[in-house]
1. Probe radius 1.4 Å, ligands and nucleic acids left out: which of 100, 53 has the largest accessible area, and how do the rest follow?
2. Taking 0.36 nm per residue of separation and subtracting the Cα-Cα distance, what length does fully extending residue 31 through residue 120 add?
3. Could you tell me which of rounded, prolate or oblate describes segment 76-122, using a ≥ b ≥ c as the square roots of the eigenvalues of the alpha-carbon gyration tensor, with rounded for a/c under 1.5 and, failing that, prolate when a/b is larger than b/c and oblate otherwise?
4. Probe radius 1.4 Å, ligands and nucleic acids left out: which of 150, 40 has the largest accessible area, and how do the rest follow?
5. Among the aspartates and glutamates, select those whose C-alpha is under 16 Å from the C-alpha of residue 29, and discard any that sit fewer than 8 residues away in the same chain.
6. Tell me, what HN-Hα J-couplings in whole Hz come from the Karplus equation 6.51 cos²θ - 1.76 cosθ + 1.60 at θ = phi - 60° for each residue of segment 131-144, using x for Gly and Pro?
7. If you add up the charges near residue 41, with Lys and Arg at +1 and Asp and Glu at -1, over every other residue whose beta carbon is less than 11 angstrom from its beta carbon, what do you get?
8. At 0.36 nm per residue, minus the direct Cα-Cα distance, what do residue 83 and residue 151 gain on full extension? Give it in nm, one decimal, please.
Amino acid sequence: SSRATAASGATGAARQGAAQCFFLRGALKLRTKNYAKAVEAYERGLALDSTDVVATMNLGLALRNLGRHADAKPYLVKAHELDRDYGPACHNLAEYIYEVEENAARARPLYQRATELLPTYPTSWFGLGSTLSTLKDEDGAVVAYERLLELMPDNTFGRKNICMGYLHLLCRAVDFKQPDDFRRCR
């Protein structure tokens, strides 16, 4: 009995070690933008350990970078479900929902959570600002873009979008009709 338990533990450790090797290979391929090879490595690793939140999220990102959006979504959702307090998982799911599904209302709480978990990550602040602007919450969008510009003062899109947000607020303050065709950078 103790022999069987020891063998089972050794097998589990070996599987875990092999999974980590595949995850490291996947991370290297993802960083070098070899997305197809990253997908292969993450799939092999996740076949051995399906509970790794980073590998699950990264597989979703690699698939998304290959334009395989429908394949990417389940992995981005699962990564968020594995750890709802992992900021990158919140951010990447929010980004998918906002950019691919074009659903700002569903993306908003995920971006808000991502900015709570990653307060110095400018991309989450940009996503939150864009989402709030899409939802016509210019007050909130301006706050998000202000935080983005504190973190990245030279961000051109942030500067343009905050100017448009200020213009919307000014128009509202003087009861001026707001053109619906103000363009935003996403």
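1. 100, 53
2. 29.9 nm is the gain from fully extending residue 31 to residue 120.
3. oblate
4. Putting 150, 40 in descending order of accessible area: 150, 40.
5. 40, 43
6. Taking θ as phi minus 60°, the curve returns 5, 5, 5, 4, 7, 6, 9, 5, 4, x, 4, 4, 4, 5 Hz for segment 131-144.
7. +2
8. Separation in residues times 0.36 nm, less the Cα-Cα distance, equals 21.9 nm.
The values are calculated or read from the model by the stated rules, or taken from the named source; none is laboratory data. Just so you know, these numbers come straight off a predicted model, no measurement behind them. We place every Cβ from the backbone using ideal geometry, glycine too, and count neighbours over all the protein chains shown. Each accessible area value is taken on the protein alone, full model and side chains, heavy atoms only, with ligands, DNA and RNA left out. Shrake-Rupley method; radii C 1.70, N 1.55, O 1.52, S 1.80 Å.
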